[in-house]
Amino acid sequence: MAVPAQGLPARVRIHEVGARDGLQNEKAIVPTALKAEFVHRLADAGLTTIEATSFVHPKWVPQLADAEELFPALADLGGVALPVLVPNARGLDRALALGARRVAVFGSATESFAKANLNRTVDESLAMFAPVVARAREQKVHVRGYLSMCFGDPWEGPVPVHQVVRVAKALMDLGCDELSLGDTIGVATPGHVQTLLAELNEEGVPTDVIGVHFHDTYGQALSNTLAALQHGVTTVDASAGGLGGCPYAKSATGNLATEDLVWMLDGLGVETGVDLGRLTATSVWLAERLGRPSPSRTVRALSHKE
């Protein structure tokens, strides 16, 4: 039963990351045809932004080595935004050659994670992104800036808000169109979320360019999402079935499950355009092929009823 709450947006855009962030940690290589069917099923469930893959060197993420084969297999999904990750200029070249119109760069708010993920300092990684973002904008390609470790870091501990704001502003100053704030190890709590959002606003980063990306390590992903929505955020990252983590942060558990998010938003009367039944069926289908149950509580509850 939908019971609306005051102070929430009428509609939320879900940035679905299951096909990229969700699958990148799978040890067994998932066939390209299966990935393509997964994305098509997600689109059929009503998701309109589906992060498709990453044009990263195959040595670093073998699971995504098939980007050149997968992306063309999604060409029939008119009306669905298919952003892809581009870690550097070479990755951007590969993406543009296939006609990608939405790309993302992936930065860090902490030095330790920048070193582990990109083998660069924070400022060196920003310098690497600068020509990538500039060229994408020249091509009129939408650029998302991911910022990881916005609340805590497994090596450095709690991350000061001012430190996150500095790097977030730097990413936006490069020319990013939107900013995704990542709670990579899942340690955020609602007050921390709202404080960071308020500080970003005070420093000139408007709420309407901000998305949130929460992990559920301590069971706080939905609480943190609600806090962000109360602040006015309307873009939320989630992964079908709760798949995913982070290969460079061992304490990172799964992403916020898209089904759990949709269940909450449906109950609040917030529109998403997503058919929860079809989405759940998709995650059950994928879980069967991956050989293990979905970690999403909503998927388990709804599939058990059947």
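Backbone phi angles across the stretch 115-124, fed through the Karplus curve with coefficients 6.51, -1.76 and 1.60 (θ = phi - 60°), yield HN-Hα couplings of 5, 5, 8, 10, 6, 9, 6, 4, 5, 5 Hz in residue order; Gly and Pro are listed as x. Placing a label point 7 Å from the Cα of residue 207 along the Cα-to-Cβ direction, no residue of the stretch 255-284 has a backbone N closer than 13 Å. Less than 5 angstrom separates the built amide H of residue 244 from those of 255, all sequence-distant by 5 or more or on a different chain. In sequence order, the stretch 228-239 has phi-based couplings of 5, 4, 5, 7, x, 5, 10, 10, 10, 7, 7, 10 Hz under the Karplus curve 6.51 cos²θ - 1.76 cosθ + 1.60, θ = phi - 60°, and Gly or Pro positions carry x.
In vacuum, with every alpha carbon of the stretch 1-112 counted as one equal point scatterer, what does the Debye formula give for log10 I(q)/I(0) at q = 0.20 Å⁻¹? Two decimals, please. The Debye formula, applied to the Cα set alone, gives -1.06. Distant-in-sequence amide contacts of residue 54, defined by a placed amide H-H separation under 5 Å and a gap of 5 or more residues or a different chain, comprise 85. Reducing the stretch 188-215 and the stretch 158-180 to their Cα centroids gives an inter-centroid distance of 10 Å.
The Rg/Rh ratio of the stretch 49-194, with Rg taken over Cα atoms and Rh as the Kirkwood radius over Cα pairs, comes to 0.98.
Can you work out D for the stretch 260-302 in µm² s⁻¹ from Stokes-Einstein, where Rh is the Kirkwood radius over C-alpha pairs, the temperature is 37 °C and the viscosity is 0.692 mPa s?
302
3J(HN,Hα) along the stretch 270-275: 8, 6, 10, x, 9, 8 Hz, from the Karplus curve 6.51 cos²θ - 1.76 cosθ + 1.60 with θ = phi - 60°, whole Hz, x for Gly and Pro. Within the accessible surface of the stretch 102-205, defined with a 1.4 Å probe on protein heavy atoms only, the carbon and sulfur portion equals 50 percent. For residue 179, the residues whose amide H sits under 5 Å from its own are 145, 210, 211, ignoring neighbours fewer than 5 places away on the same chain, with H placed 1.01 Å from N. Based on the Kirkwood radius over alpha-carbon pairs, what is the Stokes-Einstein translational diffusion coefficient of the stretch 190-249 at 37 °C with 0.692 mPa s viscosity, in µm²/s? Estimated diffusion coefficient is 266 µm²/s.
The GluC sites (Glu not before Pro) of the stretch 168-234 meeting both criteria, a DSSP state outside H, G, I, E and B (loop) and at most 16 other C-beta atoms within 10 angstrom of the site's C-beta, are 203. Approximating the spin labels as points 7 Å out from Cα along Cα→Cβ, the residue 29-to-residue 290 distance works out to 1.9 nm.
Taking max minus min of the alpha-carbon positions on each principal axis, the chain gives extents of 52, 44, 35 Å, largest first.
A 1.4 Å probe run over the chain, with the rest of the protein chains in place, finds 41 Å² accessible per residue. Counting Cα-Cα pairs of the stretch 201-297 in 5 Å increments starting at 0 gives whole-percent bin shares of 2, 13, 21, 22, 19, 13, 6, 2, 1, 0. The alpha carbons of the stretch 95-174 occupy a box of 40, 21, 17 Å along the principal axes, longest dimension given first. Work out, in µm²/s and without decimals, the Stokes-Einstein translational diffusion coefficient of the stretch 158-235 at 10 °C, 1.306 mPa s, Rh from Kirkwood over C-alpha pairs. The estimated diffusion coefficient comes to 128 µm²/s.
The values are calculated or read from the model by the stated rules, or taken from the named source; none is laboratory data. It should be emphasised that the depicted structure is a prediction, and the values quoted were computed from it without experimental measurement. FYI the Cβ positions are ideal-geometry reconstructions off the backbone, even for glycines, and counts take in every protein chain you see. Just so you know, the surface numbers come from the protein's heavy atoms only, side chains and all, with ligands and any DNA or RNA stripped out. Shrake-Rupley method; radii C 1.70, N 1.55, O 1.52, S 1.80 Å.
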